[in-house]
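Colleague: Mind having a look at this structure? Questions to follow.
The values are calculated or read from the model by the stated rules, or taken from the named source; none is laboratory data. The structure presented is a predicted model; accordingly, all values stated were derived computationally and were not measured. No Cβ is skipped: glycine too gets one built from the backbone with ideal geometry, and neighbour counts run over all protein chains shown.
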Amino acid sequence: MTAYVLRRLAQMLPVLLIASFAIFAMIHAVPGGPVAVIAGENATAEEIAEVTRRFGFDRPMLVQYADWLGRALTGDFGLSLHSRQSVLQLIGERLPATLQLALAAILVALVIGIPVAVASAVRPNSWLDRLLSGWSALALGVPTFWLGILLILLFAVELRWLPSASRYVPLWQSPLEALRSLALPALTLGVYVSGVLGRFLRASLISEARADYVRTARAKGVPEQRVVGLHIMRNALLPFVTIVGLMMAHFIGGAVVTEAVFTYPGLGRLLIQAITTRDYPLIQGCILVILIAYMLINLAVDMLYAWIDPRIEYR
Amino acid sequence: MKEALAALTSLLRRLLARRGPALSLAFLALVALAAIFAGLLPLDPLAQSIADSLKPPSAEAWFGTDELGRDILSRVVYGARTSLVTAFGAVLIAALVGIPVGLVAGFYGDWRDSLLMRCIDVLLALPNILFAMALIAVLGRSQGAALIAVGIAGIPGFARIARAQVMALRQLDFVMAVRSFGGGPGYIMLRTLLPNILSPLVVQAIVLASIAILLEAALAFLGVGVPPPTPSWGEMLRTGKSYLYEAPTYAVLPGLVLTLTILSFDTIGRALTAILDRDETNASGATIGGRR
């Protein structure tokens, strides 16, 4: 297992190397590129030349990349072009906020999605199944930014129960305040994921229910609750773990729209700011961190597999 | 060609026989007609009248007016153009790149397969929306950039489906027969395999259309989509969100049209998948070889 994890970690390196070079090359392909941002809009030719020389943009791109990579390996991702703060520090401030929102959203999704999937899989094609499948379709189809607006209208504008703009409050500092801030964004994202989970878990529950071992268990006289809860559930869990893991990985950067609706200070919004202000070191740092998080979560999912299903062995 | 047309009509008839897909088709037809003939309707999406700003829905302005006094219904109708053009163009780009990639990868299955699929994996590693945003950062903000960004995000879907289908078909008798008659790789891919995998690709195109509309709207909502003053549903939601207290219907109504459009594409896509799955089940047991 340790050897397997180490090998997987080693395999991440070439991917990161290629990805970081691709981002670097893309940024330098932009007309004007970083020079235009640093020098400002009304810069004279001399000022542009000065910036180009001072920041080393006149060197070959490969040399610039090697320079950046060398510093990135020591944990130095450079300074933001706008705030002049360290890129790593800016990302570090946002990452806990994003993780807290992602976990809360997954929790909401599990609470809604699992009962929906089990209830519809127990009696496929019944009226309840059709109703709940309709819910899943709705949850998947409604854009999160529209659902978010509707929730704000109801809970913030009409009822005045919850704030319309969410702040990041660490859960361990002030649980109540954190929950008030998290409730709407977590519900918005969670509803969407409950649609994904509902659909996938239903499908895998139904296909597992047809398996031979289920018939054997029933023939042995195992109570129905135990058949569904223990035998079917456990086997249907495998694809389910993948989906939850993928969603989690997706939220590290992909929750950007929900974060924008609730002006939540997550990593996704940091990246939008970086893109709209053309803050290149920040764009590069954000995308790399998102990629690393994505790959680490995927690795964690694969390791969970082995734990749930002892037949799977990693060497 | 005639065969394909007959298959299409029969598919359409089976879709219309069910309530959900029939309603979805009717709604999409309405949106498409409004988008195409928007110029003939008494609507002006750009006419401003500051005195009439942020009015609630009324007999004159069914959806109310926005912060510049522009008619929201007019902007929703013209916004349909933006949405549908982006969706159509994006699906076209994704199909034109994704299908050949999938055909080649699935047909050869050697180093070409590994190489192409690793590239597809890289596309899949970043969430669609981030990839699209990064691309727009490079290309600059325009309708063309939004269209290309959304299109590239759709490439993996087509490539994977085409590849999986080709891999299932390439060893079957009728492909072997063409090969033994001297059909080259290009001929087999385009004339033998492609016609036989069209149905799942059409379904994918419809599924992708709903994703493309959502993605375009999301980009506009984030302020990096089609630039103003071109009306776009996402942009309307973005501005409407600032006036939730003064004019709650401003963001709600365009969002409703957007949501119904996405749900309609999704409903049709799922109904088609169900129909094709049933055909597949009925056909298995009999020979799967011949052209369907």
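Colleague: Give the stretch B:209-232 a look and list any residue that's more than 14 Å from chain A (Cβ to nearest Cβ) and either closer than 27 Å to residue B:175 by Cβ or of a type in the set (A, V, I, L, M) (or both), or say none.
Modeller: The one that is more than 14 Å from chain A (Cβ to nearest Cβ) and either closer than 27 Å to residue B:175 by Cβ or of a type in the set (A, V, I, L, M) (or both): B:226.
Colleague: For residue A:157, are the conditions met, namely being closer than 30 Å to residue B:20 by Cα and hydrophobic (A, V, I, L, M, F, W, C)?
Modeller: no
Colleague: Working carefully through the options B:59, B:38, B:51, B:47, find the one that is farther than 30 Å from residue B:196 by Cα and buried (at least 16 other Cβ atoms within 10 Å of the Cβ).
Modeller: Exactly one of B:59, B:38, B:51, B:47 is farther than 30 Å from residue B:196 by Cα and buried (at least 16 other Cβ atoms within 10 Å of the Cβ), namely B:38.
Colleague: A follow-up question, please. Checking the condition at positive phi and either over 17 Å from the mean Cα position of the chain (by Cα) or more than 14 Å from every other protein chain (Cβ to nearest Cβ) (or both), which residue from A:215, A:234, A:210, A:278 passes?
Modeller: A:278 is the lone residue from the list that is at positive phi and either over 17 Å from the mean Cα position of the chain (by Cα) or more than 14 Å from every other protein chain (Cβ to nearest Cβ) (or both).
Colleague: Here is a follow-up. What is the residue count in the stretch B:251-270 for residues that are more than 10 Å from chain A (Cβ to nearest Cβ) and over 14 Å from residue B:210 (Cα atoms)?
Modeller: Matching residues across the stretch B:251-270 total 1.
Colleague: From (1) modelled with pLDDT under 80; (2) in contact with an Asp or Glu (Cβ under 8 Å, 6 or more places away or on another chain); (3) closer than 17 Å to residue A:284 by Cβ, pick out the condition that doesn't hold for residue A:88.
Modeller: The number of the failed condition is (1).
Colleague: Out of A:82, A:28, I need the residue that is outside any helix (DSSP H, G or I) and surrounded by 13 or more Cβ atoms within 10 Å (Cβ to Cβ). Which one?
Modeller: Working: A:28 fails: outside any helix (DSSP H, G or I).
After ruling out the rest, the residue left standing is A:82.
Colleague: Something else now. Being away from chain B (no Cβ under 14 Å), under 24 Å from the mean Cα position of the chain (by Cα) and crowded, with 22+ Cβ neighbours inside 10 Å narrows it down to one of A:189, A:197, so name that one.
Modeller: A:197
Colleague: Taking residue A:63, is it surrounded by 12 or more Cβ atoms within 10 Å (Cβ to Cβ) and part of a helix (DSSP H, G or I)?
Modeller: On the way: surrounded by 12 or more Cβ atoms within 10 Å (Cβ to Cβ): no; part of a helix (DSSP H, G or I): yes.
So residue A:63 does not fit the description; no.
Colleague: Give the residue that is nearest to residue B:114 (Cα to Cα), with candidates limited to residues of the stretch B:125-172 that are in contact (Cβ under 8 Å) with a residue 24 or more places away in the chain and not in a helix (DSSP H, G or I).
Modeller: Looking at the filtered set, the residue picked out is B:170.
Colleague: Name the pairs: first residue in the stretch A:126-143 and under 13 Å from residue A:202 (Cβ atoms) and away from chain B (no Cβ under 13 Å), second residue modelled with pLDDT of 85 or more and buried (at least 18 other Cβ atoms within 10 Å of the Cβ), Cβ to Cβ under 6 Å, at least 6 apart or on different chains?
Modeller: What qualifies is A:129/A:120; A:132/A:116; A:132/A:120.
Colleague: May I pose another question? Could you check residue B:149 against (1) buried (at least 24 other Cβ atoms within 10 Å of the Cβ); (2) away from chain A (no Cβ under 14 Å) and say which number it fails?
Modeller: (2) is the only condition that residue B:149 fails.
Colleague: Another one. Those residues that are crowded, with 22+ Cβ neighbours inside 10 Å and either under 18 Å from residue B:128 (Cβ atoms) or without any contact (Cβ under 8 Å) to a residue 60 or more places away in the chain (or both), I need them from the stretch B:242-255; list them, please.
Modeller: Answer for the stretch B:242-255, where residues must be crowded, with 22+ Cβ neighbours inside 10 Å and either under 18 Å from residue B:128 (Cβ atoms) or without any contact (Cβ under 8 Å) to a residue 60 or more places away in the chain (or both): B:251, B:255.
Colleague: Name the pairs whose Cβ atoms lie under 6 Å apart, with the first residue in the stretch A:193-221 and more than 17 Å from residue A:105 (Cα to Cα), the second not in a helix (DSSP H, G or I) and not polar (S, T, N, Q), and 6 or more positions between them or separate chains?
Modeller: A:206/A:124
Colleague: Run residue A:98 past the list (1) of a type outside the set (A, V, I, L, M, F, W, C); (2) surrounded by 13 or more Cβ atoms within 10 Å (Cβ to Cβ); (3) out of contact with any helix residue (DSSP H, G or I) (no Cβ under 8 Å at 6 or more places or on another chain); (4) within 14 Å of another protein chain (Cβ to nearest Cβ) and report the number of the one that doesn't hold.
Modeller: Against the list (1) of a type outside the set (A, V, I, L, M, F, W, C); (2) surrounded by 13 or more Cβ atoms within 10 Å (Cβ to Cβ); (3) out of contact with any helix residue (DSSP H, G or I) (no Cβ under 8 Å at 6 or more places or on another chain); (4) within 14 Å of another protein chain (Cβ to nearest Cβ), residue A:98 comes up short only on (3).
Colleague: Can you tell me which residue within the stretch A:243-252, out of those that are within 14 Å of chain B (Cβ to nearest Cβ) and touching a residue at least 60 places away in the same chain (Cβ under 8 Å), is farthest from residue A:117 (Cα to Cα)?
Modeller: Out of the qualifying residues, it is A:252.
Colleague: Continuing with this model, one more query. Looking at A:267, A:238, A:282, can you tell me which residue is among the hydrophobic types (A, V, I, L, M, F, W, C), in contact (Cβ under 8 Å) with a residue 60 or more places away in the chain, touching a helix residue (DSSP H, G or I) at 6+ places or on another chain (Cβ under 7 Å) and within 21 Å of residue A:197 (Cα to Cα)?
Modeller: Residue meeting the stated conditions: A:238.
Colleague: Now for a separate question. Considering only the stretch A:150-185, state which residues are more than 15 Å from residue A:101 (Cβ to Cβ), within 13 Å of another protein chain (Cβ to nearest Cβ) and either of a type outside the set (A, V, I, L, M, F, W, C) or under 21 Å from the mean Cα position of the chain (by Cα) (or both).
Modeller: A:158, A:160, A:164
Colleague: Quick check: anything in the stretch B:115-131 over 30 Å from residue A:288 (Cα atoms) and at pLDDT 85 or above? Steps first, please.
Modeller: Of the residues in the stretch B:115-131, the ones over 30 Å from residue A:288 (Cα atoms) are none.
Within the stretch B:115-131 (the criterion being over 30 Å from residue A:288 (Cα atoms) and at pLDDT 85 or above), the answer is no, since none of the residues qualifies.
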